[in-house]
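Accompanying notes for the structure given below.
The values are calculated or read from the model by the stated rules, or taken from the named source; none is laboratory data. Everything numeric here is computed off the predicted structure, so don't read it as measured data. Here Cβ is always computed from backbone atoms with ideal geometry, including for glycine, and neighbour counts include all displayed protein chains.
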Amino acid sequence: RPIQPPDLSHCLLISIYPPSSPPLNCCALSLVSSDHQKILNFTFPLPSSPLRIRPAAHLVDSRYISQYSKAVQLMKDLPKSDPRSFFQQANIHCAYCNGAYDQFGFSNLQLLIHRSWLFFPWHRLYLYFHERILAKLIGDDSFALPFWNWDSPDGMRIPSMYLNNFFFNKSSSSSSLYHPNRDPSHQPPVMVDLNFLEVGSDQAVVYPGVDDNLRIMYRQMMENGATTELFLGSAFRAGEQPEPGPGSVEVIPHNTVHYWTGDPRKHYREDMGAFYSAARDPIFYAHHANIDRLWLVWKSLGRKHMDFSDSDWLDSAFLFYDEEARLVRVKVRDCLDIDRLRYRYQAVENPWINSGR
Ligand code: C2O
């Protein structure tokens, strides 16, 4: 019994804060649910379509940055009623992560894609469609998202393209990649803490070193992620309680980099620190591209490092909007070979590979 796509005509408001505050509407996928909105089955891009090479965010040139920031600006400029708009792209994450949908056929059970074996494939597909929309907006079908290479010493800071006024154009207020709701004390040159846990104000902040981060990477990828279930997360089938258990990398460094980036002046360190708001920060997509890359790296690192073969995983299905604003039904099995999705990652060293003891 694989997880089925949600019923879009039934999307609930969610409550994030205590009852006093108004509930939140992140029903992005219901927006255009006119009665006969057709749902297409996913088809792979043509094998001859250009291969998108996702670059490390700290290694790109200014031409790339201006292209990417232009694409995000165009996405932000789309009307909020457009499911391809940046606003609705962020809502898609919110809806699948905060309980806006029930599991199809189980009105008492939420569809949640974190803390289970859906985590890696759902986010891969989410980025895939997001990237295609950006590419379409700038009319460049080889455009690829950047990845935040925080597991490599030179990438262990917020990449400069995401900073305020990084950009040459002095007349514009700030780059579309900048986002104000981040931790002001975690700006470059401060290094990311892959083991970051919110510290109370009475505790001294301990800054990590490169070697600490590399050891955490080794531990999470190799030791704590030694088997498929330990790495990808626990089985979550239709009719079961959501969030049965996260994989190693989902907890650390995925969650920790979210918290580290988010704003401590906000209740849940929004925006990156909370599911409902995380994808409002453009850096979210680079963070997840690195998570997605690490899934590939993990698979290359050991005989036991294989995807699940369970058809309940392979046939789990979701809905996304594509670059033409068409609703597409896509399965986990469709995302397991990224060559067929026509993207790859720039080859970088994985320096933590030698950080076991
Ligand atoms: Cu869906 Cu990084 O969270």
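Answer yes if at least one residue in the stretch 134-145 is touching a residue at least 40 places away in the same chain (Cβ under 8 Å) and within 12 Å of the ligand (Cβ to nearest atom), and no otherwise.
The answer is no; no qualifying residue exists.
Kindly provide the set of residues from the stretch 56-74 that are under 27 Å from residue 318 (Cβ atoms) and either among the β-branched types (Val, Ile, Thr) or touching an Asp or Glu at 6+ places or on another chain (Cβ under 9 Å) (or both), ordered by number.
Result: 71, 72.
Any residue in the stretch 320-336 that's on the phi > 0 side of the Ramachandran plot: show its pairings with residues that are buried (at least 16 other Cβ atoms within 10 Å of the Cβ) at Cβ separation under 7 Å, as long as the two are six or more apart or on different chains.
Matching pairs, first to second residue: 325/82; 325/83; 325/84.
Looking at 352, 298, 313 in this structure, which one is crowded, with 16+ Cβ neighbours inside 10 Å, over 20 Å from the mean Cα position of the chain (by Cα) and not in a loop (DSSP other than H, G, I, E, B)?
From the options 352, 298, 313, the qualifying one is 352.
Restricting to the stretch 50-77, what's the tally of residues that are in a loop (DSSP other than H, G, I, E, B) and either closer than 14 Å to residue 139 by Cα or without any contact (Cβ under 8 Å) to a residue 40 or more places away in the chain (or both)?
Total satisfying the criteria: 2.
Answer yes or no: is there a residue in the stretch 100-110 that is charged (D, E, K, R) and either out of contact with any Leu (no Cβ under 9 Å at 6 or more places or on another chain) or modelled with pLDDT of 95 or more (or both).
Looking through the stretch 100-110, none of the residues is charged (D, E, K, R) and either out of contact with any Leu (no Cβ under 9 Å at 6 or more places or on another chain) or modelled with pLDDT of 95 or more (or both).
For the stretch 73-86, does any single residue satisfy the condition of being under 17 Å from residue 144 (Cβ atoms) and buried (at least 16 other Cβ atoms within 10 Å of the Cβ)?
yes
If you go through the stretch 261-279, how many residues are touching a residue at least 40 places away in the same chain (Cβ under 8 Å) and either more than 12 Å from the ligand (Cβ to nearest atom) or touching a strand residue (DSSP E or B) at 6+ places or on another chain (Cβ under 8 Å) (or both)?
Result for the stretch 261-279: 8.
Got a sec? Which of 122, 150 is within 16 Å of the ligand (Cβ to nearest atom), part of a loop (DSSP other than H, G, I, E, B) and within 29 Å of residue 351 (Cβ to Cβ)?
On inspection, the qualifying residue turns out to be 150.
Would you be able to say whether some residue in the stretch 324-341 is under 26 Å from residue 175 (Cβ atoms) and buried (at least 22 other Cβ atoms within 10 Å of the Cβ)?
No, the stretch 324-341 contains no residue that is under 26 Å from residue 175 (Cβ atoms) and buried (at least 22 other Cβ atoms within 10 Å of the Cβ).
Name the residues in the stretch 241-259 that are more than 18 Å from the chain's Cα centre (by Cα) and either within 12 Å of the ligand (Cβ to nearest atom) or surrounded by 17 or more Cβ atoms within 10 Å (Cβ to Cβ) (or both), would you?
Correct list: 242 only.
Would you mind telling me which numbered condition in (1) within 14 Å of the ligand (Cβ to nearest atom); (2) assigned to a loop (DSSP other than H, G, I, E, B); (3) acidic (Asp, Glu); (4) touching a strand residue (DSSP E or B) at 6+ places or on another chain (Cβ under 9 Å) residue 292 fails?
Going through (1) within 14 Å of the ligand (Cβ to nearest atom); (2) assigned to a loop (DSSP other than H, G, I, E, B); (3) acidic (Asp, Glu); (4) touching a strand residue (DSSP E or B) at 6+ places or on another chain (Cβ under 9 Å) one by one, residue 292 breaks only (2).
How many residues does the stretch 233-256 contain that are among the hydrophobic types (A, V, I, L, M, F, W, C) and in contact with a helix residue (DSSP H, G or I) (Cβ under 6 Å, 6 or more places away or on another chain)?
The total comes to 2.
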